[in-house]
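A.B. asks: So that we are looking at the same thing, I have put the structure below in structure tokens.
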Amino acid sequence: MEKIKIIGGDPLQGMVKVSGAKNSAVALIPATILADSPVTIEGLPNISDVRILGDLIEEIGGTFHFDGKKAVIDPSNMVPMPLPNGKVKKLRASYYLMGAMLGRFKKAVVGLPGGCHLGPRPIDQHIKGFEALGAKVTNEQGAIYLRAEELRGARIFLDVVSVGATINIMLAAVRAKGRTIIENAAKEPEIIDVATLLSNMGANIKGAGTDVIRIDGVEKLSGCRHSIIPDRIEAGTYMIAAAAMGKEVIIDNVIPQHVESLIAKLREMGVHIETSDDQILVSSIPDLKAVDVKTLVYPGFPTDLQQPFTSLLTKAHGTSVVTDTIYSARFKHIDELRRMNANIKVEGCSAIITGPSQLQGAKVKASDLRAGAALVIAGLMAEGLTEIAGVEHIDRGYSNLVEKLAGIGATIWREKMTDEEIEQVKNA
Ligand code: EPU
């Protein structure tokens, strides 16, 4: 086990290159199960979620060759192996194996997914979609069993706008008989990316990126080559770091339209931002203004940036309110920020931040992926040394975070934890 150490206060300057989108990658890899010949995905992030999904692809008889950026996946010899336990429990996105295996084999057994603890994260809308397509779905001892004689297109209205359910239903529907219509679909860029891969494989999908998606089932999907979109949440994390500590930081390999809600909030705080085709220049000012933020489905402010943004707001003058309408309990980072001298209280699904506070270095623990990003940003802003445990959460979603931040001037490094420290973290 390792920890991240940061000596705060260094100004950030230079260019940081964004990797491929984690939340696309974790859907694109299972989507390849639906093809009958090898698929190449370029620009994948080198994160543990991708490596774990690669292992799962191999467990069901596929091959997964990953060089840290490009993966070649051969699904031709895959079998509907049950996956009730083991690695499926390590990540949330293993639920995409349900839709993809159901689509290809008309059956699947997948353990209920793990992932970040952000309060309740039901998958009832995924199951409602599978059932509408003709699958029988049961929950037996913590694993979801899916079986269908055949899958038939259906009209599915999602009660909750869900990224996961939208993608999972697309995966199950692309090889179903007839037309599927998903209404009240999520519109995140990652959904368009998955639809693009599936279309390149031969699927017939219209409307991805709008709230009505139409899928006409096809009999066969074949291998292709696909380039993943840049990670808007990783880009946003570095934009926030730059707003906190940056002189002039260029974020490279980003689609500015994907982070418009963040750009608007940063400008409201006084941060200077310029955009071009695939780069964003962020230059900060000393006296940032407090702002209120409410997380919403895309194109609203992303819940995944709420935690890192809260760290930035500790530096702003005045009172800011951050409300998470997607995950009402996504506030585990707040206690840790308080330990670092932040003035924050949580009321219901809102965090109320009064600033400015000069953060102080401390020993803290990341409880989930984006809490980890929030603590890294806090560490960059703090006086003195910050030590962050729970690095395995950060490694699930950020490729080369330490190297990228060191590359723009941060004093940040990783160290092995001693046995005593590991014990302390486990007991905390
Ligand atoms: N929901 C239901 N029922 C369902 C599905 C979702 O009630 O069947 C609720 C959830 O509890 C939540 C809301 O609907 O309140 C939205 O959930 P959604 O299904 O959109 O989330 P997800 O697909 O499980 C993805 C990302 C998350 C990100 C959310 C919201 C992946 C693998 N994960 O999760 O990313 O926070 O969308 O944008 O794509 C992260 O990257 O740190 C992360 C947690």
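A.B. asks: Looking at (1) within 25 Å of GLU234 (Cβ to Cβ); (2) touching a residue at least 40 places away in the same chain (Cβ under 8 Å), which is the one condition that is false for SER357?
C.D. replies: Status for SER357: all satisfied but (1).
A.B. asks: Select from segment 301-325 the residues that are near the ligand (Cβ under 10 Å from one of its atoms) and part of a loop (DSSP other than H, G, I, E, B) and write down the one among them that is surrounded by the most Cβ atoms within 10 Å (Cβ to Cβ).
C.D. replies: Among those residues, the one meeting the criterion is PRO302.
A.B. asks: Under 7 Å between Cβ atoms, which residue pairs at least 6 apart in sequence (or on different chains) link something in segment 275-290 that is hydroxyl-bearing (Ser, Thr, Tyr) with a partner that is at pLDDT below 95?
C.D. replies: Cβ pairs passing all conditions: SER283/GLY246; SER283/LYS247; SER284/GLY246.
A.B. asks: OK, next. Can you name the residue in segment 1-39 that is part of a loop (DSSP other than H, G, I, E, B) and hydrophobic (A, V, I, L, M, F, W, C) and, of all such residues, is farthest from SER284 (Cα to Cα)?
C.D. replies: Filtering first and then ranking leaves ALA35.
A.B. asks: Mind listing whichever residues of segment 91-111 are within 12 Å of the ligand (Cβ to nearest atom) and not in a helix (DSSP H, G or I)?
C.D. replies: LEU91
A.B. asks: Test of understanding: among ALA173, ALA195, ALA165, ALA135, which residue is in contact with a Lys or Arg (Cβ under 7 Å, 6 or more places away or on another chain) and under 30 Å from GLY86 (Cα atoms)?
C.D. replies: ALA135
A.B. asks: Filter segment 141-189 down to residues that are out of contact with any helix residue (DSSP H, G or I) (no Cβ under 8 Å at 6 or more places or on another chain) and aliphatic (A, V, I, L, M) and give me whichever is nearest to VAL110 (Cα to Cα).
C.D. replies: My answer is ALA143.
A.B. asks: Of the residues in segment 257-288, how many are farther than 17 Å from SER320 by Cβ, of a type in the set (Val, Ile, Thr) and outside any helix (DSSP H, G or I)?
C.D. replies: 4
A.B. asks: What's the number of the only condition in (1) surrounded by 15 or more Cβ atoms within 10 Å (Cβ to Cβ); (2) under 20 Å from LEU97 (Cβ atoms) that ALA185 fails to meet?
C.D. replies: Going through (1) surrounded by 15 or more Cβ atoms within 10 Å (Cβ to Cβ); (2) under 20 Å from LEU97 (Cβ atoms) one by one, ALA185 breaks only (2).
A.B. asks: ARG121 versus (1) among the charged types (D, E, K, R); (2) in a loop (DSSP other than H, G, I, E, B); (3) under 15 Å from ALA31 (Cα atoms): which is the lone unmet condition?
C.D. replies: Of (1) among the charged types (D, E, K, R); (2) in a loop (DSSP other than H, G, I, E, B); (3) under 15 Å from ALA31 (Cα atoms), only one is false for ARG121: (3).
A.B. asks: Hey, does segment 138-153 have a residue that's within 26 Å of the chain's Cα centre (by Cα), within 8 Å of the ligand (Cβ to nearest atom) and in contact (Cβ under 8 Å) with a residue 12 or more places away in the chain?
C.D. replies: no
A.B. asks: Name the residue, out of LEU171, LEU197, that is of a type in the set (A, V, I, L, M), touching a Cys at 6+ places or on another chain (Cβ under 9 Å), part of a helix (DSSP H, G or I) and within 16 Å of the ligand (Cβ to nearest atom).
C.D. replies: Selected residue: LEU197, the only one of LEU171, LEU197 that is of a type in the set (A, V, I, L, M), touching a Cys at 6+ places or on another chain (Cβ under 9 Å), part of a helix (DSSP H, G or I) and within 16 Å of the ligand (Cβ to nearest atom).
The values are calculated or read from the model by the stated rules, or taken from the named source; none is laboratory data. The shown structure was predicted, so the numbers you read here are calculated from the model rather than taken from an experiment. Ideal geometry is used to build each Cβ from the backbone, glycine not excepted, and the neighbour counts take in all protein chains shown.
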